[in-house]
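Written out below as C-alpha cells is the structure these notes cover.
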Amino acid sequence: MPLNAATPLLYPAKVESMNLISSILPLENVILDADSTSKKRVFERVGILFENTRHIARSQVFDSLFAREKLGSTGLGQGVAIPHGRIKNMRDAVAAFVKTEASIPFDAPDGQPVNLIFVLLVPERATDLHLQLLGELAQMFSDRTFREQLQASSDPVVIHQLFINWKA
Amino acid sequence: MKILILGAGQVGSTVAESLVSEANDITVVDTSAEKLRLLQDRFDLRTLVGNASHPSTLEQAGIADADILLAVTQSDEVNMVACKLAASLYNTPTKIARIRATGYLEHPEIFSPENFCVDFSICPEQILTDYIRKLIEFPEALQVLEFANGLVSLVAVKAFEGGPLVGKPLSFLRSHMPQVDTRVAAIFRQEKPLIPEGDTVVEAGDEIFFIAATGNIRSVLKELRRMDKPTKRVMIIGGGNIGRRLALSLERNYQVKLVEYNKKACEQLAGILKHTLVLNGDGTDENLLATEHVADVDVFCALTNDDENNIMSTLLAKRDGARKVIALINRNAYVGLVQGGKIDIALSPAHVTIGSLLAYVRQGDVAVVHSLRRGAAEALELVAHGDRQSSKVVGRRIDEIDLPKGATIGAIVRGDEVLMGHRDQLIESDDHVIVFVINKKMIHKVEKLFQVGIGFL
C-alpha cells in the first residue's frame, strides 16, 4: 500500500482510542542515545536491546535490518528513519525508538542525516497489520508538530507519551 | 555509506576513485604514505598510514562505524586477518577480501563465518583470465561480458568498412534476422556515446554494444561482422599469475605457446602445463617471434607485468601478421593512448576487475557490475523487488519506467528465461534487469530507481 500521509488507514474498531504503535512500543524501548554515531552502531544498540528484552539474537536483528537497508534506504527525510526487518520465529511485532544526539547519515530522500530512528521488527510472515503499522508510522512522522515535540524533549517518559497520545 | 579500504594499490585506488561521492565516506589504509598522498591529492577521502591487519589501525580508521570493509592489500594473509578481526571485534556487516593464492581459493570453507569471515572473495587474476578467455573464444569481439550466471552476454564489436551492417540503419538488423532477438544497447562513435534508435545508421569505426542471450551471440556476431575464422593458435607472452592461468585454461582447446623470460619459471611452467609449448625467451625479440610463426597466430596476448614490453611485443606481433593482439596495461594513461590503434585490445586489469567489487558495494540489490570504456560507462544487473507500490520498476512496462536519458534496459532474466528489453515488456518482482548506462553520472539515479520504497517490508 502507498505510504503517504493521505492514505486512509483502517483501524480495528476495538482499539479505536489507541494507535497501533503504542501497543508495540513499551517505555523501556524508548532510548536517548548519546553514543551512536553511525547506522551500524544504532543497529547494534537495538540488537542488544531486543536480545535482552525479547530474547531475539542480536545478530539476527542486526542482519535483518541491514539486509532490508541494502534493498533501499528506510530514511524518510526530515531527520526521520524507519528501519525495519523480518524476524524468524517471532510472534508479534516489536518496536524501539532511538533518538540520537548526533545526526546520522541514512541516505534519506532529502539528503539530510537523521536523529529520530524508529525500529520495527515484524514476524517472517508479514501481514496487512504490519503494513498498517508502517503506514501509521509514516503518517505520524509526517506530522510536523509531532516531530517538533520529539525533537524538543529529552525525557523518555515524555517521548513515550507522545507516541501513546498521537492521533491521526 | 562508510567504507573502509585496506590497500592503496591498483585495485584499492581504482575502487576508491569510483566510490568517492557525497553519499560515501571513504577511508583508505596503506603502509605507504606516498601512495596515500597521491590518492588524497586527487580525491575527497580520509587516509591512514599503518598496518592493515592491526586492531589499533583498524580502530583509528573507524572500523566500528564502517558498513563495508574492502581488504585489497597485496597480501592474502593480511586481507584474511583483517576480515576476521572486523567480524570478531567490530561486527562489520560486509567484509570483502582479495585472495590470489589458489591454495586458499580451493578451500572456500576457510572463508566461512566460523573461520576467516570473508563474505565475498575476489581474485583479480582469475577474473582477468576469464575475461581474456572470452576474447579468444570470440575473436571478433572487443569485449564479452556475462550476466545472470552466463545466460545473457553483452558484446562490443567494431564495425568495419565493408562489414554487413555499415551504412544501414539498426532496424535492418531486426528485419534481416527476425529469428534472433538482440538489442543494441549503445554505440560509441569517435569516443562519444550515441543513443541508438531504429533509424541510427552504423558507420565504419563505430563501437557497437549489443545484448543477447548467450546462445545467440554467435549468430548476432555473424551479422555485425562477417564471422572471423575461429581461434586455433594462441601465443602468450609472460608466464606470471595471469599467463599461467590463461594457458592452463586454454591448452586443451587451442594450440598454445607461452614465452617466458625467466628460465627457472619456464621449468616450473613446463611441469604444470602439459599441452602448452613453453619457450624461454624475450617477447619483444622479433627473431623469436618470427621463428615461432607469429604470423600464423590467431590471438597474441602480452601479459607480463611490464607495460612497455607488452605494448612493444604486441606492436611487433601485429606488424608481423598476428591476427588479433591483446596487451595488458596497468597505467591508465597508456590504455587510452593505445586502444583502437595498432593494438586491438588494451586491457587495464584494474578496470576489468573493479566491477566485481562494485557489485557488493553499491546500494540496492546489484548482482553484477561491469565497468566499461575505462570507467566512463557501466552495465549493471539489478534485481527488482517489491510491487507496483513499493517499487518504481515492478509492475511497469519498460516504457513506463522513469529511466534517466542514456540508460537502456537491455534484457530481463526471469528464472532461466531471457527476455529482451522491448518497450512493452513488463517487469516483475525478482526479475534480473540488465541496464546499460552510457554516462557514469547516471548510475546513482539508476540504483535509486531500483531501490524499494520505505513501505517494502
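A Gaussian network model of chain A, with springs between Cα atoms under 10 Å, assigns the largest mean-square fluctuation among A:Asp33, A:Asp92, A:Asp107 to A:Asp92. Charge dipole (Cα centre; +1 on Lys/Arg Cβ, -1 on Asp/Glu Cβ; no other charges) of the range B:204-258 amounts to roughly 360 debye. Extension gain for the segment B:Glu77 to B:Lys264, taken as residue separation times 0.36 nm less the Cα-Cα distance, is 64.7 nm to one decimal.
Longest exposed-loop-site-free stretch of chain B, with chymotrypsin sites (Phe, Trp or Tyr not before Pro), DSSP loop and at most 16 other Cβ within 10 Å?
Between the exposed loop sites, the longest stretch runs B:161-457.
3J(HN,Hα) along the range B:423-429, derived from phi through the Karplus expression 6.51 cos²θ - 1.76 cosθ + 1.60 where θ = phi - 60°, amounts to 4, 8, 6, 8, 9, 10, 5 Hz, with x in place of Gly and Pro. Rounded to the nearest Hz, the phi-derived 3J(HN,Hα) couplings of the range B:94-108 under the Karplus curve 6.51 cos²θ - 1.76 cosθ + 1.60 (θ = phi - 60°) are 10, 10, 10, 10, 8, 10, 9, 5, 4, x, 7, 5, 5, 10, x, where x marks glycine and proline. Beta bridges assigned by DSSP with both partners in the protein assembly as shown are antiparallel in approximately 50 percent of cases.
Simple point charges give the picture: +1 on the Cβ of Lys and Arg, -1 on the Cβ of Asp and Glu, and for chain B a dipole about the Cα centre of about 800 debye.
Shape verdict for chain A, please, from the Cα gyration tensor: rounded (a/c under 1.5), prolate (a/b greater than b/c) or oblate. Since a/c stays below 1.5, the shape of chain A is classed as rounded. If you run the Gaussian network model on chain A, springs between alpha carbon atoms under 10 Å, then out of A:Val157, A:Val61, A:Val46 the most flexible one is A:Val157. Distance between the modelled labels on B:Gln40 and A:Glu101, one decimal in nanometres: 2.8 nm (7 Å Cα→Cβ projection). Overall shape: oblate for chain B, with the ratio a/c of the largest to smallest alpha carbon gyration tensor axis at 1.5 or above and b/c at least equal to a/b.
Taken over the protein assembly as shown, the ratio of Cα radius of gyration to 2.2 N^0.38 Å equals 1.08.
Inter-label distance, B:Lys192 to B:Glu428: 4.3 nm, where each label sits 7 Å from its Cα along the C-beta direction. Cross-link partners for B:Lys342 among the lysines, with Cα-Cα distance under 26 Å and sequence neighbours closer than 8 places in the same chain left out: B:Lys134, B:Lys158, B:Lys192, B:Lys222, B:Lys229, B:Lys232, B:Lys257, B:Lys318, B:Lys324.
Taking every DSSP helix (H) stretch of at least 4 residues in the protein assembly as shown, weighting each as -39,500 (n - 2.57) and dividing the sum by the residue count yields a mean residue ellipticity at 222 nm of -9500 deg cm²/dmol. Placing a pseudo-label 7 Å from each Cα along the Cα-to-Cβ vector at B:Asp320 and A:Asp35 gives an inter-label distance of 6.9 nm.
For the protein assembly as shown, a simple Cβ point-charge model (Lys and Arg +1, Asp and Glu -1, everything else neutral) yields a dipole of about 740 debye relative to the Cα centre.
Which residue, A:Gln78, A:Gln149, A:Gln112, has the most motion in a Gaussian network model of chain A that connects Cα atoms within less than 10 Å? In this elastic network of chain A, the residue with the biggest mean-square fluctuation among A:Gln78, A:Gln149, A:Gln112 is A:Gln149.
No value in this document is a laboratory result; all are computed from the given coordinates. Keep in mind that what you see is a predicted model, and the values were worked out from it rather than measured. Virtual Cβ from ideal backbone geometry, glycine too; neighbours counted across all protein chains shown.
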